[in-house]
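These notes are about the structure you will find just below.
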Amino acid sequence: MNFFTLLITIYCSISLLFVNYSQTVEELINEGDKFNTEFDHQKSLETYQKADKLEPANWEVIWRISRALVDIANKMPEGTDEQKDAKLNKYKKSFVYADSSVKLAPDQSVTYLRRAIVNGRIALFEGVFSAIGSVNDVKDDCERAIQLNNGGNYIQALAHYVLARAHAKVCEKTFLLRLPLGLGWGDMEVAIREFQNAIKLKPNYRMFYLDLAKAYIEEDEYELAKENLLLVEKAPFVLQDDEEYLNEAKKLLVEVNEELE
């Protein structure tokens, strides 16, 4: 083999290495996504972490790591102080990745959505009215995700849904009590409208119908609540907690029917 042939061989090998490298990251993302649809969040996380090692600072990988960490944290026990600390630390770790994804891709709705979701989880865990900064950040990030309007219907539907949830949770306190806290923006009419927007973009999600029904109950709109609770029963099983949503809807339907009698 002469020197020129050797150079060509080396060049081709390096080129092939870079092609395989790129494909490997993409394959790992797809594999992690498959584990996610199967609700195996630990394997999903481990797969995304492999992709992160191959290609650090890839925003597509980073937001997925945040998602996997949130999904794992959601199922962690919190019966003891140690367990509560471990769960909160997992959420905080997820936030670091979500925040990084926003900085890496500030023009992508999904990065703001993932940061909103983890901030929402932290706020719920610590208490909405004890984590006011996180609650305000949820609102801001959801509105930014909606404004960017990319990522597809599912991402946009979730952004509307999380924004609706923020409004609904804030409205659990009366306006005069939450106004001094900087949460005067909460509005149940906005919550209902945003739940409806989520459903228009992505119908047949049990949690969308369930939370819209709860909002209607708060407004004493029992016929509309019943209509959406029945839609929970008709919607297919898609998400990991769909069985819980269905059971809750059935219990609420009994209460709503009693109100309508």
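Could you identify the single residue in Leu229, Leu210 that is out of contact with any strand residue (DSSP E or B) (no Cβ under 8 Å at 6 or more places or on another chain), closer than 28 Å to Gly151 by Cβ and either of a type in the set (Asp, Glu) or touching a residue at least 24 places away in the same chain (Cβ under 8 Å) (or both)?
Working: Leu229 fails: closer than 28 Å to Gly151 by Cβ.
Leu210 is the lone residue from the list that is out of contact with any strand residue (DSSP E or B) (no Cβ under 8 Å at 6 or more places or on another chain), closer than 28 Å to Gly151 by Cβ and either of a type in the set (Asp, Glu) or touching a residue at least 24 places away in the same chain (Cβ under 8 Å) (or both).
Yes or no, residue by residue, for (1) under 23 Å from Leu113 (Cβ atoms); (2) surrounded by fewer than 15 Cβ atoms within 10 Å (Cβ to Cβ); (3) of a type in the set (Ser, Thr, Tyr):
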| site | (1), (2), (3) |
| --- | --- |
| Phe195 | yes, no, no |
| Leu201 | yes, no, no |
| Tyr205 | yes, no, yes |
| Leu210 | yes, no, no |
| Tyr216 | no, no, yes |
| Lys234 | no, yes, no |
| Leu252 | no, no, no |
| Glu255 | no, yes, no |
| Glu258 | no, yes, no |
Q.
Among the residues that make up region 147-170, is at least one of them closer than 21 Å to Glu248 by Cβ and exposed (fewer than 15 other Cβ atoms within 10 Å of the Cβ)?
A. no
Q) Under the condition of being under 20 Å from Lys75 (Cα atoms) and not β-branched (Val, Ile, Thr), which residue from region 118-138 is surrounded by the fewest Cβ atoms within 10 Å (Cβ to Cβ)? A) Gly127
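Could you identify the single residue in Tyr112, Tyr48, Tyr97 that is closer than 21 Å to Tyr154 by Cβ, hydroxyl-bearing (Ser, Thr, Tyr), modelled with pLDDT of 95 or more and assigned by TED's automatic domain parsing to the domain that holds Val162? Spell out the reasoning first.
On the way: Tyr48 fails: assigned by TED's automatic domain parsing to the domain that holds Val162; Tyr97 fails: assigned by TED's automatic domain parsing to the domain that holds Val162.
So the residue among Tyr112, Tyr48, Tyr97 that is closer than 21 Å to Tyr154 by Cβ, hydroxyl-bearing (Ser, Thr, Tyr), modelled with pLDDT of 95 or more and assigned by TED's automatic domain parsing to the domain that holds Val162 is Tyr112.
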Q: Mind listing whichever residues of region 224-246 are hydrophobic (A, V, I, L, M, F, W, C) and touching a Lys or Arg at 6+ places or on another chain (Cβ under 9 Å)?
A: Ala225, Leu229, Leu231, Val232, Ala235, Phe237, Val238, Leu239, Leu246
Q) Does region 235-254 hold any residues that are of a type in the set (D, E, K, R), in contact (Cβ under 8 Å) with a residue 12 or more places away in the chain and assigned to a helix (DSSP H, G or I), and which are they? A) Asp242, Glu248, Lys250
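Take the residues in region 85-95 that are of a type outside the set (Ser, Thr, Tyr), out of contact with any Leu (no Cβ under 7 Å at 6 or more places or on another chain) and in contact (Cβ under 8 Å) with a residue 12 or more places away in the chain, then tell me which one is nearest to Trp63 (Cα to Cα).
Filtering region 85-95 for residues of a type outside the set (Ser, Thr, Tyr) gives 85-90, 92-93, 95.
Checking the rest, the ones that are also out of contact with any Leu (no Cβ under 7 Å at 6 or more places or on another chain) come to 85-89, 92, 95.
Adding the requirement that they be in contact (Cβ under 8 Å) with a residue 12 or more places away in the chain leaves 87-88, 92, 95.
Working: Lys87: 19, Leu88: 18, Lys92: 14, Phe95: 10 Å.
Filtering first and then ranking leaves Phe95.
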Q) From Glu126, Glu172, Glu189, which residue is of a type outside the set (Phe, Trp, Tyr) and at pLDDT 95 or above? A) Glu189
**Q.** Qualifying residues in region 178-189 (those that are among the aliphatic types (A, V, I, L, M) and more than 22 Å from Ile122 (Cβ to Cβ)) - the one surrounded by the most Cβ atoms within 10 Å (Cβ to Cβ)
**A.** Met188
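The values are calculated or read from the model by the stated rules, or taken from the named source; none is laboratory data. Model, not experiment: these values are computed from the prediction. Glycine gets a Cβ as well: all are built from the backbone with ideal geometry, and neighbour counts include every protein chain shown.
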